[in-house]
Amino acid sequence: MDRYFVACDAGGTMTDVIVVDEQGRSVIGKAPTSPADESVGYMESLEEALEYMGIDPKREGRSFGEKLETSIYTGTSMLNTVINMSGVKTGLLTTRGFEDINAQGRGSQTFIGAQWTEITHMQYRKHRIPLVPRKQARGVTERIDMFGTPVIPMYEDDVRQGVRELLCDEECDAIAIVFLHSYVNPQHELRAGEIAREVMAEVGRTVPVELSCEVAPTAREVSRANATIVQAYASNTAREQLFRIEKELQGIGYPHSLKTVLGYGGITNIRYPRLFEAAMSGPVGGLMGAKYLSTVIGEDNIVCSDVGGTSFDAGAITAGVLPIDREPGFQDMYVNVPMLGITSIGAGTGTYIRLDPATNRIKLGPDSAGGVPGPTFIEAGNTIPTINDANLLLGILNEDNYLGGKVKVNKQVSYDLFKEKIADPLEMDVYEAAETCLEVLNVMMREHLVRSLMVGHDLREYVLLGYGGAGPLHLLGYAGDYPWKAIVTVPHAGAFSAWGGACMDYSYRRHKSVATMITPDLSPEMKVGYLAPLNMAWEALEDELYNELGSEGFKREQITMTRIVYMKYLGQLDDIEVVSPVDTITSPADVDALISEYEDQYTKMFTLVAKPDPAYASYQVTEVCVLAKVDTVKPKLRRHELASKTPASDAYKGKRPVFQQGRWHDADIWRMEDLVPGNEVDGLAVIEASNTTLFVPPQFHVRIDEHDIYWITRKDA
Amino acid sequence: MAEPTLLEQLRSNEKAFEETGNLFGLQSLPRKEKDPGTYEAVWHILSNVCNLAWEVGCKVSSSPIAVEGGDALWALHLPTGEAICVSRGITAHPGLLAAMIRNFIELGYEEYPGFNQGDIFENNDPHYGGIHSPDFDMAMPIFYEDKLVAWASCVSHVSDSGSVTPGSVGFLNPDCFSDGICISMEKVGENDAFYPWYEKRVRSRTRTPDFVMGDARGRLAGCVALRERVHAVIDKYGLDFFVDATKEYVEDSRRYAVSRVRTQCVPGRIRKSQFKDLAMKGQHVILNKQDVDCLFNLPMEVEIDADAGVRFSLRGASGTVPFGENISPTALKSGLLNGYSHIIGFDMFNSGPEASWEVETAPAGSWANPFEVDYTASSGVAWAPAVMWMSNLYEVFGRLFQMRGFVEEMAAGAATTMTAEFAGVTQLGYYLAGLTLEQASNGSPARGFTDGENSAWCIYTPNADFGNAEVTELYYPIMYLGRNIEPDSGGYGRFRGGLGHTAVWMVYGTPSGIEYQCGCAGMRSKIVSNHGMYGAYPTWPDAPSYAHDTNVQELIEAQKPLIHERGPATKPTIETNIEAADLQANPSAPFLTRELLQNYDIIVHPISGAQAMGDPLERDPESVVEDLNKGWTSPRVASEIHGVQTTMNGEYVVDSVATKQRRSEIREERKARAVPFKEWWDAERQKVAAKENMADAVCAMWRSSMQLSPEYGAELRSFWDLPDDFEF
């Protein structure tokens, strides 16, 4: 029996569903996202995909559903709940004196993702609207110190009164409990949770209670509070959306539970208790797809780059290890939620192009035309030129093939606007000005990539992968002449993130803060003793993970555990992640091995000049982590017979003038759908598909391998 | 022809600027005009290079104040010192770093000891342009093919400067000899490594050498990273382009600043008066000469000519003080560039805007130009008066923007800044001295169209942030009992300033006690602070308090109420809830505790909100009620200051009719109090002439201002119609 995998990427505007069969054949359906009930957009998109696959959803839907191996949701439902402030009314019970913790935020939260010119311009400061206003917060007198010692016992009457007021006076529908240093000792939070349940029984009203020690047990109370509040505020609303989708799928015979994607990669059942960890799963699919792709092409180091209409997202997989950000920004809040380390800048095909009125300097973005990335030439009412206008004017985009030819464009409008607003004030020819603006964008993207990788990594060891609807369009522009090991893209670049969603393993991470320090004056045996808490913390986290995965039906022998520490030199604020080279710390040799591994990584990242004199060096381990993984069945990347290097004549669409390096050239135009593994194409060329365009400048050459992956090299390499 | 020396290049640049009005004589910007794309691309790359240095350096550094509080910065400079672009971080320093490099050239270091790749130069000495001893400024030359083509620089604020009092905010320093470790324009290393003596000096002259050396390594790692990336940029774009374009970036930025002034301000002369006190009489001081109250005159006069030329004057600045609150003209100028970047020149932040204005150096012997007259003056916390002077800039330009209708650019004055610093053996068993991050996040000033933001701005760094309490507790033996928003801390006006917050700490975990220094980094002791503009009312001065030898442990055991907030000014919570052998409910700040604080002692440390704008009677009643319901203002303030009357319906609701009535009554009361200006002037003149009700500090301030700036004195006498020989 054929088996299928379905994954979706529900964006703010469109929901993409990709259906992949076991042989790796895939089709993509698209439908508008339906925020009120996401199952509508999901099923419409699935039906379109099935039609492409030759399956009649009305007649054959049920038999298809029964053959579904996995169905995965990635998307923005929880994000939208926060954006739209449509979550449940949430109350906060917190350490007395910190009732403003959510309303006050932190100064640095007012400029998450902002450009430096925006950060320095004082007038731009703005806090987000708090999810928990002060009125819905109650204080509890209690304090636990950094070692976990209760210094001020919890005043239980405060808890009773606070919970009662939140339930009865404020009519809250969820309660978050966040006490300082609860990540070291959860005693007060656990007891407060018990009292809350007692009070709920007394008043006859039960609401979800989220404890920060269970949701995000790591240091930094502002971020831990934000994470716990998001969980209380948004996860149940989002879960209801996911249950609706699951119900629809089960209605067509899908026999399993719906899965969703955690922000740090990996899938989980939608009943997973800490669902907020899936809040930022949108960009994860791309990295996970890249991770899977890396195993197929045999490359451990991949730079992932995703170009959309609005933003350029990048992340690097090093030695097969996914980058993790433990305190990412989320909707102008920092959250203690491990997330794949993906950094973004406002640069995409819809990015606005302007000239500064004071200096006549070219200004790209950071704002963009968003979901309508060609607003001038599709005459959507906007009159500010965008990057896509430049692409169209230069002949890179085909005016007859915009969105597969579905949308008519008016190139003259682009020309007139570009001339008036950009070229004439710069005293440049329109086409030269357009090429100049594209190059500035490429540099912005290139710099972003290089800077995200720069610390301690050699670009010559990395393969650059471009995806996203506009990834192939700009890939070779931002690849530039940096010495990448290779440059690759895929024909399904536009739906790569959704495809990546189908390629994930079950993977959970658990973090726990610890406070250990070893100083140079300690004997080797004392150092072992000082690091002993790591062993206990690892074991405790592994027990939790075995239990969680066990409840999902996995056996112990299916689960692989990786032990990780976060280390720094005494005094530093930032630590670095180190995969422990030893399973436990039981001997001086184990300590030395751990320190050696840390120092190797540290000096790689920050150079030798940053290393202290060993005679004075003290080390702190601030956090431990365990990564648990269970392999799952995934779609195969289909292997094809290689055809000849010369593409079939049907694939050739002719020539089109393209403006490059200051003059017009005739570019070869190819139809991507008709290119097959084994074919090779020389630049200058444009390879067009209905949902993406690969632009190949003159100095590049494209080879399609047996997995239908496009390898691009410099002709002079 | 031999390459001109850097000193010759400096002189040539000066001449070209004088002759053309354009930096480097650049009457056009050929690289930009010919190739705007590459020009923009390289700017973007160089900015990223600086930020890369920041990321590397901060991760290596050891000061939370540098990393989480943003008190560090890396920059790229022209060979002659002008900053080309800077990283994020403490924007008060690029001017200083530029001046330091220039100073190395002026002092002949090119000849001896010479400039070579891998050399490390540092300065923290205010006599040579440094700001104060904890701010270590570093510069490393960048060579390309044996030619010095640029400099990498960095500043970071270390946890302890080795001054007479522990920590880094030496407001109590009586003279420069007590300012601590001194690096006076020195070459401190070569081949990307510090000389062995450097670490030895840090270890013998600071109390926290591991932390200070960690910061040194951070500065170095960032500068090396910056240099290597600059090499890559030159490899790609060519040396000629780099040399030309980097100069154009500086001149372009000057033009941007001029253009902003031309299009958004009006020509003319505007003056802003501002005062700061430092009430130390009867307090714990180091030397007898410090048993005195001081008052600073911080006048700012701005003159804008028809060509948008801007001239700043500090004429009238009062004399030096026997505390660490004197600043060199170089450092003050850098502070001015910082303030300018917040409101005028934020687009391409570098040395360019400095060339768009002139500063009339403060009179010799004043707090803003001490060393010519008083070479021993201390600059332990030179920022203290300087940031308050910088705050004038917001208000002055706020008025100018308003005159041209750019309401959205208007800002009231900044918040005052009070630091908290601890020193002693921590709960981890080692000695530590240093700042908390509290002061790095004040409220932001009221804007011309809305309130300021709470806990979101810091005048000395746009990276304003107070970090996490749990992180602070990892460093110091204190436990937070509170960190909430402080009601009514943003003044009263149509738009209020962003609110500040109050940290309440309980000392805990120290085996031997800790020192607490409530430091002055720009605050007032007794006089009105944060006065507001356009008819706004001020809030009360920063009011810290502490209790030593307390009953807190007993309160905890009995589960009695503790203290989590400052409480009403007239009845602070520390008085109502805490008993102590030594309870200072309203001590005059700044101060250093006389005795070591012990476990269960209490500190209440407020962080100021910013200034308000406009008449409080014009505040939207709904905004007043919104603040009431959030607990951000009190019913008394709502009723008496804003005239807003309310009813209760589970929460406060505006009573529109009663509000209208009450506001009308308040206006009538104002009219009843009002007198014609001439009448007021006559009465005040009599008081001035008789020096009536003037404290010694007031007279001393006016006396020194008039003596140091005779022109200012003459103007003052003329205004009050006083005899020519009148003196205070």
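The values are calculated or read from the model by the stated rules, or taken from the named source; none is laboratory data. Here the structure is a predicted model, which is why all the values come from computation and not from measurement. For neighbour counting, all protein chains shown are included, and Cβ atoms are generated from backbone atoms with ideal geometry for every residue, glycine included.
Worth a mention:
- Here the condition is being of a type outside the set (A, V, I, L, M, F, W, C), touching a Lys or Arg at 6+ places or on another chain (Cβ under 7 Å) and more than 9 Å from chain A (Cβ to nearest Cβ); of B:ASP244, B:ASP235, it holds for B:ASP244 alone.
- Among (1) under 15 Å from A:ILE252 (Cβ atoms); (2) assigned to a helix (DSSP H, G or I) - the single one A:GLY41 does not satisfy: (1)
- Yes/no for B:TYR652 being in contact (Cβ under 8 Å) with a residue 12 or more places away in the chain and assigned by TED's automatic domain parsing to the domain that holds B:ILE478: no
- Test: residue in region A:400-414 that is touching a helix residue (DSSP H, G or I) at 6+ places or on another chain (Cβ under 7 Å) and part of a loop (DSSP other than H, G, I, E, B): yes
- Hey, A:GLY529 modelled with pLDDT under 85 and away from chain B (no Cβ under 13 Å) or not: no
- The set of residues from region B:1-25 being in contact (Cβ under 8 Å) with a residue 40 or more places away in the chain and not charged (D, E, K, R) comprises B:THR5, B:LEU6, B:LEU7, B:GLN9, B:LEU10, B:ASN13, B:PHE17, B:ASN22, B:LEU23, B:PHE24.
- Verdict on B:GLU715 being surrounded by fewer than 17 Cβ atoms within 10 Å (Cβ to Cβ) and either assigned to a helix (DSSP H, G or I) or in contact (Cβ under 8 Å) with a residue 60 or more places away in the chain (or both): yes
- Residues (within 10 Å of chain A (Cβ to nearest Cβ), in contact (Cβ under 8 Å) with a residue 12 or more places away in the chain and over 23 Å from B:THR91 (Cβ atoms)) located in region B:427-467: B:GLN427, B:GLY429, B:LEU432, B:PHE449, B:THR450
- Contacts under 9 angstrom Cβ, first residue in region B:26-39 being within 8 Å of chain A (Cβ to nearest Cβ) and touching a residue at least 60 places away in the same chain (Cβ under 8 Å), partner of a type in the set (Ser, Thr, Tyr) and assigned to a loop (DSSP other than H, G, I, E, B), 6 or more apart: B:LYS32/A:THR359
- Of A:ASP521, A:ASP505, all but one fail to be modelled with pLDDT under 85 and either acidic (Asp, Glu) or out of contact with any Pro (no Cβ under 8 Å at 6 or more places or on another chain) (or both); the exception is A:ASP505.
- Any hit, region A:566-575, residues being within 28 Å of A:THR268 (Cα to Cα) and either surrounded by 14 or more Cβ atoms within 10 Å (Cβ to Cβ) or among the hydrophobic types (A, V, I, L, M, F, W, C) (or both): yes
- Which listed residue, of B:ALA433, B:ALA423, is part of a strand (DSSP E or B) and either at pLDDT 95 or above or surrounded by fewer than 23 Cβ atoms within 10 Å (Cβ to Cβ) (or both): B:ALA423
- Meeting the requirement of 3 or more residues that are more than 14 Å from every other protein chain (Cβ to nearest Cβ), hydroxyl-bearing (Ser, Thr, Tyr) and more than 21 Å from the chain's Cα centre (by Cα), no helices (runs of 4 or more DSSP H) wholly within region A:56-105 can be named.
- Residues located in region A:255-296, provided they are assigned to a helix (DSSP H, G or I), crowded, with 19+ Cβ neighbours inside 10 Å and of a type in the set (A, V, I, L, M): A:LEU275, A:ALA278, A:VAL284, A:LEU287, A:MET288, A:ALA290, A:LEU293
- Residues in region A:88-144 that are under 30 Å from B:GLY339 (Cα atoms) and among the hydrophobic types (A, V, I, L, M, F, W, C): A:ILE101, A:ALA103, A:PHE111, A:ILE112, A:ALA114, A:TRP116, A:ILE119, A:MET122, A:ILE129.
- Looking across A:ALA479, A:ALA486, A:ALA498, A:ALA515, one residue alone is of a type in the set (Gly, Ala, Ser) and either more than 27 Å from the chain's Cα centre (by Cα) or in the same structural domain as A:ASN185 (by TED's automatic domain parsing) (or both). It is A:ALA515.
- Condition met for A:GLY348 (in a loop (DSSP other than H, G, I, E, B) and more than 14 Å from chain B (Cβ to nearest Cβ)): yes
- Residues located in region B:259-306, provided they are charged (D, E, K, R), without any contact (Cβ under 8 Å) to a residue 40 or more places away in the chain and either buried (at least 20 other Cβ atoms within 10 Å of the Cβ) or part of a loop (DSSP other than H, G, I, E, B) (or both): B:LYS281, B:ASP291, B:ASP305
- Screening region A:178-254 for helices (runs of 4 or more DSSP H) wholly inside it with 2 or more residues that are surrounded by fewer than 24 Cβ atoms within 10 Å (Cβ to Cβ), over 29 Å from the mean Cα position of the chain (by Cα) and of a type in the set (Val, Ile, Thr) returns the ranges A:187-203.
- Scope region B:325-361; condition of a type in the set (Val, Ile, Thr), assigned to a loop (DSSP other than H, G, I, E, B) and more than 12 Å from chain A (Cβ to nearest Cβ); matching residues: B:ILE327, B:THR361
- When B:THR416 is tested against (1) part of a helix (DSSP H, G or I); (2) over 22 Å from B:ARG88 (Cβ atoms), just one condition goes unmet, and that condition is (1).
- Listed by position, the strands (runs of 3 or more DSSP E) contained in region A:563-664 that have at least 1 residues being more than 34 Å from the chain's Cα centre (by Cα) are A:652-660.
- Any chance A:ILE712 is outside any loop (DSSP other than H, G, I, E, B), under 31 Å from the mean Cα position of the chain (by Cα) and modelled with pLDDT of 95 or more: yes
- Those residues of region B:358-391 which are surrounded by fewer than 24 Cβ atoms within 10 Å (Cβ to Cβ), in contact with a Pro (Cβ under 9 Å, 6 or more places away or on another chain) and farther than 26 Å from B:CYS182 by Cα, in sequence order: B:VAL359
- Of the residues making up region A:133-151, those that are facing chain B (nearest Cβ under 7 Å) and in contact (Cβ under 8 Å) with a residue 60 or more places away in the chain number 1.
- Screening the candidates A:ILE342, A:ILE396, A:ILE362 for the property of being within 14 Å of chain B (Cβ to nearest Cβ), under 21 Å from A:GLY477 (Cβ atoms) and modelled with pLDDT of 80 or more yields one hit, A:ILE362.
- Qualifying residues in region A:166-177 (those that are over 34 Å from the mean Cα position of the chain (by Cα) and closer than 28 Å to B:ASN468 by Cβ) - the one modelled with the highest pLDDT: A:LEU166
- Test: residue in region B:647-654 that is outside any helix (DSSP H, G or I) and closer than 23 Å to B:MET613 by Cβ: yes
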